[in-house]
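Peer 1: Let me begin by handing over the structure; questions about it come next.
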Amino acid sequence: MAEFTTPPMRILCEAYGAQRTYTEMVNAEGICRQSPKTLFLLETFPEERHIWAHLYGHDPERLAEAARITTDLGRFEGIDLNAGCPVPRITAQGAGSALLKDLPRMEAIVRAVAKATSLPVSIKTRLGPNPQLPVWREILERLADAGAVSITFHARYTSQGHAGMVHLETLREIVEASPLPIYGNGSVIDEASAQAMAATGVKAILIARAALENPGIFSFTKPEVAPLAMRHLELELRYRQRAQAFSRISPEEATVLTFRRHLFRYFKGLPGANTLRGNLMNLHTMDDLYRAIAGFTTA
Ligand SMILES: Cc1cc2nc3c(=O)[nH]c(=O)nc-3n(C[C@H](O)[C@H](O)[C@H](O)COP(=O)(O)O)c2cc1C
């Protein structure tokens, strides 16, 4: 998840049972141009284990070059390609879910990347641009021998964004029709929704938003939130210290700004969470954050 699945988040998810994590989406052009800010998105921490790089772009050759560079970093178990992001800034470049309207290009990208890297390659996409255009069958046909080892379907159409019905029946049809392993994604938030998705026959389940509130979702546990938030905070500071070279603000300031986004999610639903939400903009220093977390420890 863009701006969220940085090393701190990924470490916590792995610690609580995620068998694989993905980087946030990284621009292939930025990698090819060796942009320090883009390359920073491919930083990992030594304690990370099973991590795949998640790349986006429009041009098969540039994505292939980006995959080569990413492979040479020696940090990743695989390369995952984005063909599902509905954000206009991304689709305007012909990337993300724009590829659902240009399936020959989607196929060319997978072929070029699979040829360029020794790592396994996968792709994450959707059912189609909208319910009137369910292009998943053509995706399966085109990608069957393109070199991908699996396809992840976020079981929604682009027109749905991240909301509305998850089409599990269609996911089941996809699994039955696909020669390749299918991974499922979309609104898995607990054991019941995970089981409903598993019943479609998918080989794996990807969880996004629920992990932001509770990285324990991967083992259906609910860790105590104050120690979890404190651990995340320490990891975040370590991460922001690495970014110092090209950041105009101090690691502490960067940590505070980033962490505000995580803090409320962790404490959501607990007594005092709404007060915290109203107060987030008044948290300016690391001490403010420590105090806010400690407030919940003693609550
Ligand atoms: C803040 C945010 C950032 C996201 N960034 C990405 C991304 O970089 N790449 C991607 O494939 N999907 C991205 N997604 C979509 C999720 O990976 C996922 O497909 C979607 O949220 C549905 O799964 P969920 O219900 O488990 O959250 C993002 C979603 C959110 C909310």
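Any read-out appearing in this document is the output of simple, stated calculations on the displayed coordinates, not a laboratory observation. It should be emphasised that the depicted structure is a prediction, and the values quoted were computed from it without experimental measurement. Virtual Cβ from ideal backbone geometry, glycine too; neighbours counted across all protein chains shown.
Peer 1: Against the longest alpha carbon principal axis of the chain, how many degrees, from 0 to 90 and to the nearest 10, is the axis of helix 168-177 turned?
Peer 2: Result, in degrees: 40.
Peer 1: Now for a different question. If each residue's Cβ is checked for other Cβ atoms within 10 Å, how do GLU65, GLU43 rank with the fewest at the top?
Peer 2: Numbers: GLU65 19, GLU43 15.
Result, fewest neighbours first: GLU43, GLU65.
Peer 1: Scale the Cα Rg of the stretch 7-219 by the rule-of-thumb value 2.2 N^0.38 Å and send over the ratio, two decimals.
Peer 2: Values: Rg = 16.1 Å, N = 213, 2.2 N^0.38 = 16.9 Å.
Compared with the compact-globule rule of thumb, the stretch 7-219 sits at 0.96.
Peer 1: Run the helix sum for the chain: -39,500 (n - 2.57) per DSSP H stretch of 4+ residues, divided by residue count, reported at 222 nm to the nearest 500 deg cm²/dmol.
Peer 2: Values: 14 runs with 136 residues, N = 299.
That comes out to -13000 deg cm²/dmol.
Peer 1: Okay, next question. How long are the semi-axes of the equivalent ellipsoid of the stretch 225-298, defined as square roots of 5 times the Cα gyration tensor eigenvalues? Whole Å, largest first.
Peer 2: On the way: eigenvalues 101, 30, 17 Å².
Output for the stretch 225-298: semi-axes of 23, 12, 9 Å.
Peer 1: Rank the residues LEU42, LEU103 as a footprinting-exposure proxy: fewest other Cβ atoms within 10 Å of their Cβ go first. Could the numbers behind the result be given before it?
Peer 2: Details: LEU42 21, LEU103 17.
Listing LEU42, LEU103 from fewest to most nearby Cβ atoms yields LEU103, LEU42.
Peer 1: Still on this structure, I have one more. Taking the dipole about the Cα centre of the stretch 225-298, with the C-beta of Lys and Arg at +1 and of Asp and Glu at -1, give me whichever of PHE267, LEU237, MET281 is farthest to the positive side.
Peer 2: Of PHE267, LEU237, MET281, it is PHE267.
Peer 1: Restricting to Cα pairs below 8 Å that are 6+ residues apart, what does the relative contact order work out to for the stretch 7-219? Please round to a whole percent.
Peer 2: Values: 423 pairs, mean separation 35.3, N = 213.
Result for the stretch 7-219 is 17 percent.
Peer 1: Mind listing the phi-derived Karplus ³J(HN,Hα) values for the stretch 126-143, rounded to whole Hz, using 6.51, -1.76 and 1.60 with θ = phi - 60°, and x for any glycine or proline?
Peer 2: 10, 6, x, x, 7, x, 7, 10, x, 8, 4, 4, 5, 4, 4, 5, 5, 8
Peer 1: Using a 10 Å cut-off around each Cβ, can you sort MET165, MET106, MET230 from fewest to most neighbouring Cβ atoms? Walk me through the intermediate numbers first.
Peer 2: Working: MET165 12, MET106 24, MET230 15.
Fewest-to-most ranking of MET165, MET106, MET230: MET165, MET230, MET106.
Peer 1: Rounding to the nearest 10 and keeping the result within 0 to 90°, find how far the Cα-based axis of helix 251-267 lies from the longest principal axis of the chain.
Peer 2: In the chain, helix 251-267 runs at an angle near 80 degrees to the longest axis.
Peer 1: Another one. For the stretch 102-199, what is the Kirkwood estimate of the hydrodynamic radius, computed as the reciprocal of the mean inverse distance between distinct Cα atoms, to one decimal in Å? Show your work: numbers first, answer last.
Peer 2: Working: mean 1/r = 0.0717 Å⁻¹.
The Cα-based Kirkwood calculation yields 13.9 Å.
Peer 1: When a/c is below 1.5 the answer is rounded, else prolate if a/b is larger than b/c, else oblate, so apply that to the stretch 162-242 with a ≥ b ≥ c taken from the square roots of the Cα gyration tensor eigenvalues. Kindly include the intermediate steps, with their values, before the conclusion.
Peer 2: Details: a/c = 2.95, a/b = 2.21, b/c = 1.34.
In terms of gyration-tensor shape, prolate.
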